Amino acid sequence: MLLETPFHPRTAPLCRSRRWRNWSGYASALTYEPGHEYEYYAVRSGAGLFDISPLRKYEIAGTDAAALVDRVVTRSAFDCPVGMVLYTPWCDEAGKMIDDGTVQRLGADTFRVTSADPCLRWLQDCALGMDAAVRDVTRELAALALQGPTSREILERVVTGADVAALPFFGLTGGSIGVAPVTVTRTGYTGDLGYEIWVRPENAVGVWDALAEVGRGYGLAPAGLDALDVARIEAGLLLKDVDYVSTWTALIESRKSSPYEAGLGWAVQPRPGRDFVGSRALAREAAAPSEWGFAGLEVEWPHIEKRFAAVGLPPLVAGRASREAVPIYAGGKQVGYVTSSTFSPILKKYIALATVRREFARPGHRVKFELTVEFVRHTVPARVVRTPFFDPVRKRR
Amino acid sequence: MKKYDAVLVGAGHNALATACVLARRGWKVLVLERRGVVGGAAATEEVFPGCRVNVAAQDAGLFRRDFVDEFGFGASAPGWVHPPAVATSLLGGGDGLTLWRDPAATQGEIARHSRADANRFPEWADYLDAMARILRVGLDHPAPALHDFTRRERLRLLRPLAQAARLGRRRVVELLRVLPLPARDLLDDWFAGDALKGMLATTALPGASHGPGAMGGAFRMLYHATGGQAHGFRSTSFLEGGIGALSEALAAAARARGAEIRTGTEVERILVEDGAATGVLLAGREEIPAHCVVSGADPRRTFFDLVGAPQLGPEFNRKVASIQMRGTTAILHLLLDDLPPLDDAEQRLAGHTLVAPSLDYLERASDAAKYGRCSPRPHLDIVIPTLHDPTLAPPGRHIASIQIRYAPYHLRPAPVRGPHAGPSPPGGDIAPGATPRAGDIFDEFLARTWDTLDEFLPGTRDRILDHRLITPLDLESEFGLTCGDEYHGQMGLDQLAFMRPVAGWARHRTPVERLFLCGAGTHPGGGVTCMPGRLAAREILRARRHPARS
């Protein structure tokens, strides 16, 4: 049976669609209303409230905590000041990605790492011989993501003991909501202005109620994973085991990805003398780049319409995000595959995240996207563009 | 500053062998030993006043004589002693069964117990030698790098395969059949007499924490016969001046070729820069740069204590942490004013004298070790080196060194360490005084050993002037043997050849460039063989010739 998150007493009655998904063993709402559009628009024009408690959370403490985090992740943890958060992938010794997540620096010698899947043994193996204790705090910490243009105003009214308005992008602060001590980070998975709130499970329901109460005047809606999936594709954010396959779950070698291949080359931060797991393999790859790269695609909508119109249909493209792998062609040959795609309601475009041969990964390249209309395969033109597709100024300001 | 081609960590016999071979190739070699004497566990030292004692290893039977030339012993070659008795099994009540170097004498002896066994014994002795000869081909050559089976690796396999095939294809197949067998099953196939089977099974015990019923016992029996001349038991020979004479000879040969050996010099760390070894740091903070570093210490000590786990990858570290290291042997040295009272003692006790009256006796002794306890009736393997070289002790005195099994390093419940540890830890759910002290456990173990000695070699205790017990805990603290494992890792089928020290890192190389391993933790394994050291030297030379082929 699926586990219930600490917010379940609130989310269960709200989930009128009764559509739940297994997220790391927890029941997680796909949508609350029958469709996800309202929740999606709440994220883009009001505020969406997501229960992200199933994330794996680890606390790392000890005099070598910074050294351990620096050893595990590809970004330089020593460069992360106290009160800031890093988004980073981490790799195996061959430089292939294991997982990606955020690293919160709570203190000089205290960190909190989030990951999509269990990682405790790996972190502990990396900690061998170091003064750094790794503890799984997944069940000791509930989490909410409050995402959208009004999220700052809501939090300003709810959080005491912290200046939320002054919190920078990827900043972290402690504070209280009611009687509950919380950690607030300005992070998220929607590419919008947004925050994540970390709270002990016994205080979870109280925090939810406080946000829901104040949020009523700010267009707040509980939002599920379907809305999140559309938003994260618009933001160009990767999903583990969809846009890349973890080295631990890949069945064949060629399905593994390095950060460079997954478009996260910017997050590989070597410096002289820095020896992180996979650093040598990644240095070799930086010198002799892989033949694969990451690309954002915009598929030409008029051509999609035309293909459907030819059989007398309106464009029947799923309103939800698709995780189906779709081939991409150039010059009659397959040059890659789309890993996630969606119709973007706010951009009014069909967009996709793709793995393509490196020579096609540069913005401006034209490729063909495979489109199946009533069991017949066609191709429609698409253009490689920069990600994020949607990048509002408010996200950082 | 003077820069060495190779710095060796530890002066065990394997490291000395590596030093010999490298120095003969003109390498500038420095060997650093923490203890005051060379040899590691193969050393002969003054334990009792005026007496030189083989502190841990006793038998030099696995050292191959053809290495004498390869290492360049010259005049420093030690004198070999082959006592007439290979082994004597004590059966209680003054009864015994002796295997002699003379096959006819052995047959006569066995016939007193079982005529059928006596008839089969010559065939068994031939079989053991033949199987060991084929196994030796595998030990003489580097382990196949199956994890990276390139064309070159496949070609390197041709020679040993051809050599093995020349020894008889059917025998090779037979070897593959018996290797995984428990000693018990192999011996049940051959013999009926319990006394004979118990005695022969003792050769399967060193290098494992298991009894004769465990898989892989037959491999260990054959391994201990690879020195040749097993006489149906194991390759056994002793040295004038004790086992330390071999280490001294190796050291002298290395020095003669220009190698420097510094004793009383502890290496604190192996220095690593950008993933490559650059030298060592001594306990006195002196840095010694070197082109390459070769560690004779066991793999876990090398990687975790000397290199440091954070310098290595987490996947590799997990493998190193998982190496089975399980010391289960204690050593008891006795100073005697006369030989134990036994007919023909001088003859019969000159080889290995065993308390192993049956397979079941050994199995029961090993049972205790499974549960972290010392054997209530232990198995004893007694060697009296003063019968090989009387000058080791003052006239009229004898020394008996006894390997006692089983005394596990990993005791349960975990005791307080040290013979005179402080009071039991306070609080918790442990009642005060309930946590045993290691010293008390081994005192009790020693008492059981005295009982065993009284039962099988009565009268010996009246002749003891002094004794000294070395537990697996002492082996760790005194000789740096992790978990007191004198084989640097169990000699199980899962820790052999390309899986020794860990899968993926055969060939004496390590994830740290220019850091090599040469100790018993590498292929082919433990015992006073010098084989890992010799193969390591070849790999190191090869790595220098072809730096790109690492």
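Would you confirm, using the coordinates I've provided, whether A:Val311 is in contact (Cβ under 8 Å) with a residue 60 or more places away in the chain and within 26 Å of A:Gly191 (Cα to Cα)? Can you show your working first?
Working: in contact (Cβ under 8 Å) with a residue 60 or more places away in the chain: yes; within 26 Å of A:Gly191 (Cα to Cα): no.
Criteria not met by A:Val311.
Taken over the range A:23-67, residues that are under 17 Å from the mean Cα position of the chain (by Cα) and among the polar types (S, T, N, Q) amount to 3. The number of residues in the range B:263-289 that are away from chain A (no Cβ under 14 Å), assigned to a strand (DSSP E or B), in contact (Cβ under 8 Å) with a residue 60 or more places away in the chain and more than 23 Å from B:Leu535 (Cα to Cα) comes to 4.
Within the group A:Leu228, A:Leu264, A:Leu238, A:Leu316, which residue is at pLDDT below 95, under 30 Å from A:Leu49 (Cα atoms) and either more than 14 Å from chain B (Cβ to nearest Cβ) or surrounded by fewer than 17 Cβ atoms within 10 Å (Cβ to Cβ) (or both)?
Criteria check complete, one pass: A:Leu316.
Each row is one residue, and each column tells you yes or no for (1) crowded, with 19+ Cβ neighbours inside 10 Å; (2) more than 14 Å from chain B (Cβ to nearest Cβ); (3) part of a strand (DSSP E or B); (4) at pLDDT 95 or above.
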| position | (1), (2), (3), (4) |
| --- | --- |
| A:Ser28 | yes, yes, yes, yes |
| A:Gly35 | no, yes, no, no |
| A:Glu39 | yes, yes, no, yes |
| A:Ala42 | yes, yes, no, yes |
| A:Tyr58 | yes, yes, yes, yes |
| A:Leu86 | yes, yes, yes, yes |
| A:Glu93 | no, no, no, no |
| A:Gly101 | yes, yes, yes, yes |
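Here is a yes/no grid of residues against (1) hydrophobic (A, V, I, L, M, F, W, C); (2) touching a Leu at 6+ places or on another chain (Cβ under 6 Å); (3) over 21 Å from A:Val367 (Cα atoms):
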| site | (1), (2), (3) |
| --- | --- |
| A:Glu253 | no, no, yes |
| A:Pro270 | no, no, yes |
| A:Ser279 | no, no, yes |
| A:Glu298 | no, no, no |
| A:Gly319 | no, no, yes |
| A:Ala325 | yes, no, no |
| A:Tyr329 | no, no, no |
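Whenever a residue of the range A:30-55 is without any contact (Cβ under 8 Å) to a residue 24 or more places away in the chain, its partners that are surrounded by 21 or more Cβ atoms within 10 Å (Cβ to Cβ) and not polar (S, T, N, Q), lying with C-beta atoms within less than 9 angstrom and at least six residues away or across chains, give the pairs A:Glu33/A:Glu39; A:Glu33/A:Ala221; A:Glu33/A:Gly224.
Each residue in the range A:258-308 was checked for being in contact (Cβ under 8 Å) with a residue 60 or more places away in the chain, assigned to a helix (DSSP H, G or I) and among the aromatic types (Phe, Trp, Tyr), and 1 of them qualify.
Among the listed residues A:Phe375, A:Phe343, A:Phe390, identify the single one that is outside the structural domain of A:Tyr189 (by TED's automatic domain parsing), among the hydrophobic types (A, V, I, L, M, F, W, C) and farther than 21 Å from A:Thr190 by Cβ. Every option except A:Phe375 fails the conditions.
Mind listing just one residue for me: the one in the range A:157-173 that is exposed (fewer than 15 other Cβ atoms within 10 Å of the Cβ) and not hydroxyl-bearing (Ser, Thr, Tyr) and, of those, farthest from the other protein chains (Cβ to nearest Cβ)?
Filtering the range A:157-173 for residues exposed (fewer than 15 other Cβ atoms within 10 Å of the Cβ) gives A:160-161, A:163, A:165-166, A:168-169.
With not hydroxyl-bearing (Ser, Thr, Tyr) added as a condition, the list becomes A:161, A:163, A:165-166, A:168-169.
Working: A:Gly161: 38, A:Asp163: 38, A:Ala165: 41, A:Ala166: 37, A:Pro168: 32, A:Phe169: 32 Å.
Among those that are exposed (fewer than 15 other Cβ atoms within 10 Å of the Cβ) and not hydroxyl-bearing (Ser, Thr, Tyr), it is A:Ala165.
Answer yes if at least one residue in the range B:19-38 is within 27 Å of B:Phe233 (Cβ to Cβ), surrounded by 24 or more Cβ atoms within 10 Å (Cβ to Cβ) and at pLDDT 95 or above, and no otherwise.
At the first step, the residues of the range B:19-38 found to be within 27 Å of B:Phe233 (Cβ to Cβ) are none.
Scanning the range B:19-38, I find no residue that is within 27 Å of B:Phe233 (Cβ to Cβ), surrounded by 24 or more Cβ atoms within 10 Å (Cβ to Cβ) and at pLDDT 95 or above, so the answer is no.
As a summary of the residue check, A:Glu213 satisfies the conditions (1) assigned to a strand (DSSP E or B); (2) out of contact with any Lys or Arg (no Cβ under 9 Å at 6 or more places or on another chain); (3) without any contact (Cβ under 8 Å) to a residue 60 or more places away in the chain except for the one numbered (1). Here the range B:320-377 is the region considered, the condition is being of a type in the set (Lys, Arg) and crowded, with 19+ Cβ neighbours inside 10 Å, and the residue that is farthest from B:Asp102 (Cα to Cα) is B:Arg326.
The criterion of being in a loop (DSSP other than H, G, I, E, B) and closer than 30 Å to B:Arg377 by Cβ holds for B:Gly459.
Could we say that B:Ala132 is within 24 Å of B:Leu493 (Cβ to Cβ), surrounded by 19 or more Cβ atoms within 10 Å (Cβ to Cβ) and among the aliphatic types (A, V, I, L, M) here? Don't jump to the end; show me each part of the working.
On the way: within 24 Å of B:Leu493 (Cβ to Cβ): yes; surrounded by 19 or more Cβ atoms within 10 Å (Cβ to Cβ): yes; among the aliphatic types (A, V, I, L, M): yes.
In short, yes.
Which one of these is in contact with a Pro (Cβ under 6 Å, 6 or more places away or on another chain) and under 27 Å from B:Gly504 (Cα atoms): B:Leu157, B:Leu175? Criteria check complete, one pass: B:Leu157.
Here A:Leu14 does not qualify as within 19 Å of A:Pro201 (Cβ to Cβ), modelled with pLDDT of 95 or more, out of contact with any Gly (no Cβ under 6 Å at 6 or more places or on another chain) and crowded, with 18+ Cβ neighbours inside 10 Å.
Residues of the range A:118-144 that are free of Cβ contacts under 8 Å to residues at least 24 places away in the same chain and either out of contact with any helix residue (DSSP H, G or I) (no Cβ under 6 Å at 6 or more places or on another chain) or more than 10 Å from every other protein chain (Cβ to nearest Cβ) (or both): A:Arg121, A:Gln124.
The values are calculated or read from the model by the stated rules, or taken from the named source; none is laboratory data. Note that the structure is predicted; figures quoted are calculated from it, not measured. Quick reminder, even Gly has a Cβ in these numbers, built from the backbone with ideal geometry, and neighbours come from all protein chains shown.
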